Each structure stands twice: as C-alpha cells, then as structure tokens.
1. How many residues does the range 304-328 hold that are surrounded by 24 or more Cβ atoms within 10 Å (Cβ to Cβ), part of a loop (DSSP other than H, G, I, E, B), modelled with pLDDT of 95 or more and in contact with a strand residue (DSSP E or B) (Cβ under 7 Å, 6 or more places away or on another chain)?
2. Limited to the range 269-302, what total is found for residues that are over 26 Å from the mean Cα position of the chain (by Cα) and on the phi > 0 side of the Ramachandran plot?
3. Does the range 316-328 hold any residues that are farther than 15 Å from residue 149 by Cα, within 21 Å of the chain's Cα centre (by Cα) and in contact (Cβ under 8 Å) with a residue 40 or more places away in the chain, and which are they?
4. Please enumerate the residues belonging to the range 222-250 that are surrounded by 18 or more Cβ atoms within 10 Å (Cβ to Cβ) and assigned to a helix (DSSP H, G or I).
5. List every residue pair whose Cβ atoms lie under 8 Å apart, where the two residues are 6 or more positions apart in sequence or sit on different chains, the first residue falls within the range 251-268 and is at positive phi and outside any loop (DSSP other than H, G, I, E, B), and the second residue, located anywhere, is crowded, with 18+ Cβ neighbours inside 10 Å and at pLDDT 95 or above.
6. Confirm whether residue 273 is under 22 Å from residue 316 (Cβ atoms), surrounded by fewer than 20 Cβ atoms within 10 Å (Cβ to Cβ), free of Cβ contacts under 8 Å to residues at least 40 places away in the same chain and in the same structural domain as residue 330 (by TED's automatic domain parsing).
7. Would you pick out the residues in the range 143-162 that are within 12 Å of residue 126 (Cα to Cα) and part of a helix (DSSP H, G or I)?
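The values are calculated or read from the model by the stated rules, or taken from the named source; none is laboratory data. Model, not experiment: these values are computed from the prediction. FYI the Cβ positions are ideal-geometry reconstructions off the backbone, even for glycines, and counts take in every protein chain you see.
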C-alpha cells in the first residue's frame, strides 16, 4: 500500500506529531509512505529514515506546473527508494488573482503531485488542506481520508471554508475524528470514523514514578495561546500558592501568548521564589514531567489531547477542563482517574480549578487513586492498538 500524507508542515504541533507517528508506523510495517507538505518549517519533527532535508535538491526531480497566469512553479520531489519520501511543494507562494485563483493553483499543483507519485490512498490533516486534498484527488479516483484534529465548528468556522467542507466532505472516502462529539457534528451525510490519538511509545516504555516519590510540581504542556488558556491555571495557582507554598507551577511550551502570561504571573507575584517557571519548548518531555505530581489542561476546545493522554500514561494526577468537543471527557471519568472542571465563566472556572488543586494536594489518598487509575491509557491507547485501527480502516476503504 502506498500512502500519501498531506499536511501544512511538520512543525512541532500535536497534529503534526500524530501524522509523523503514523508515517513511521506504516513505513515500519513495510508500506510505502510519501509525506507531502505545503512548506518546510524551521523546526520540524524528524521522519525516521526521512529522505528530505533543506539542501536535498540534488538528486530530486522537478515537476513544472503551468498556472493560469502562465508562470511555472517548481515542486521538488525526493525520489529515493529508502526511507519516507518527502514532497516539498512551496504552495504558500501567493500568485496574482486573489484567493480564489490561488486556491485553484494549489489544487492544480496537488493534482499534479498525485499524478506523479501515484498513491493508493491519501490521508490529509487539518482545515482547508482537507478540502484541497479531496478536490485535487477526485479527478484521479484516488480515495481520500481527511482528519479533523480539533473541534470541527472551530476548525471550519469561516463561512467560505464551512461551505467548502459541507460540499466536499461527503465525497471523501472517510472523515476521521477523535471524539464522539465531533462525529455527531457531521451527521449521517459524512462517513466518519472515531480514531483517537495513541500514546507515544516514549511515554509507555518509561517506568512510572511511585506516587510518594513525585516532585511537588504542577505542570502544563502545550502551546502558550488563548485556546490552551494557561492564564486560567496561572490565576488558580495564585489562589492556592500562598497556602500550599511548597508547590511550583512549571509551564512547558511556547507561543504567541507567552509574554502576556508572563506579565500576569509577575502581576500576581508568582515569580517570587520561582513559584512559576516558563520552560519553553523542550525535547524529551517524559524526562521533564515524568516525576511531577500534577498535570493540568485548561483548553477552551480540544480534540484528543496528546498532552493529557501522555500525562495520564506517566501516572500524573490529571485535572482538565471539560471542554468541547469532548476529548478530555472521553479520557477522564471525573473522580475516578482525574478531575474535570465544568466550562463556565472565567471567574467560576478559576475558583473550581483552585478548589480541585487544593483537593488533590491535601487529600493524598484521593490523588494517589487518580494517579494510579490514569495509567489505563497505556493499554487502551497503545500505539499498536490505535495504529492497527488506522491500518484496518485503510484496508477496508481500499477493498471497496
């Protein structure tokens, strides 16, 4: 089976990591994998035995695509037979004629890529990539599976993109979502399949630190932005830090809201005695959080949150907002293997989260129970189980 995987880039985000994990799985299973990206990001996930790097023009072939404005664009393809092939299409270069013409050009380039690499099936991730993948592959009869990695009402919020999604998604061979809530959004007109994220092997092979040996740290892992909403955690921690002053809050990740979050932390006096630490992006996340005690996810919306699954696999006591489209609720049974914070006003959620932190910090037996029960994800969401579901799904589609 030759699988083409299409995404904007391999920039270090949750969706990109899932696609790289799938690419590695299918490659190791003996399938041919071609990774097609819109552009080459500065800091990307590495593909195992990947054949692309920034200077890899030598030995590659060119595809010349004639655009409506009669200008040729070059698409580089590394045709090495070893490893996971990489197509770098430079589709972000804007052309004359506005968005509609530019979109048409991008679809044309994609169609030419599919003609050149001849995949048996195409897997696309995220937003308008999914629409373009379906549209470009339809004339060629190549089945396309698209995957929505977050709340679909948010991912397809713009009027134009929403209309395109409603037109093209019923034509896809399948639409993969991560939660029951996301599947319900699309209704019967779209062939949905629920396939949650798997736990990365690094979080399963690591031994679990005994509860009583854990560091008194509350940690968060993720992009620092308004949707991840770490400011909620900062405010809640400020309420409990004075009465529980031996705990620290450590935030892993970077993003557009970092400066704002740091300013709020300073305003609340949390930089005193290093009660809060902004670590930025780190490699080997399990090494950094594996011995921490508490993990908190404060997102406004989530699909199947990698960071939460991974923290549960490491045996951290986990607290999460009960946000749409239901990813945390699919993972956490409130009071059994974690705690869910109901969505409400900012003020109410700060209060609820502060109370949850107090509870798990002061009630050691309760916190230990949540920690031990959380590790069920190691089995239920193991890479072998989830990846096998992807393979069986593709095989099912290709048999039709």
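1. Number satisfying all stated conditions: 1.
2. Here the count works out to 3.
3. Result: 316, 318, 319, 321.
4. Within the range 222-250, 230, 231, 232, 233, 234, 235, 236, 237, 238, 240, 241 meet the criteria.
5. Qualifying pairs under 8 Å: 253/220; 253/221; 253/224; 253/228.
6. No, not satisfied.
7. 152, 154, 155, 161
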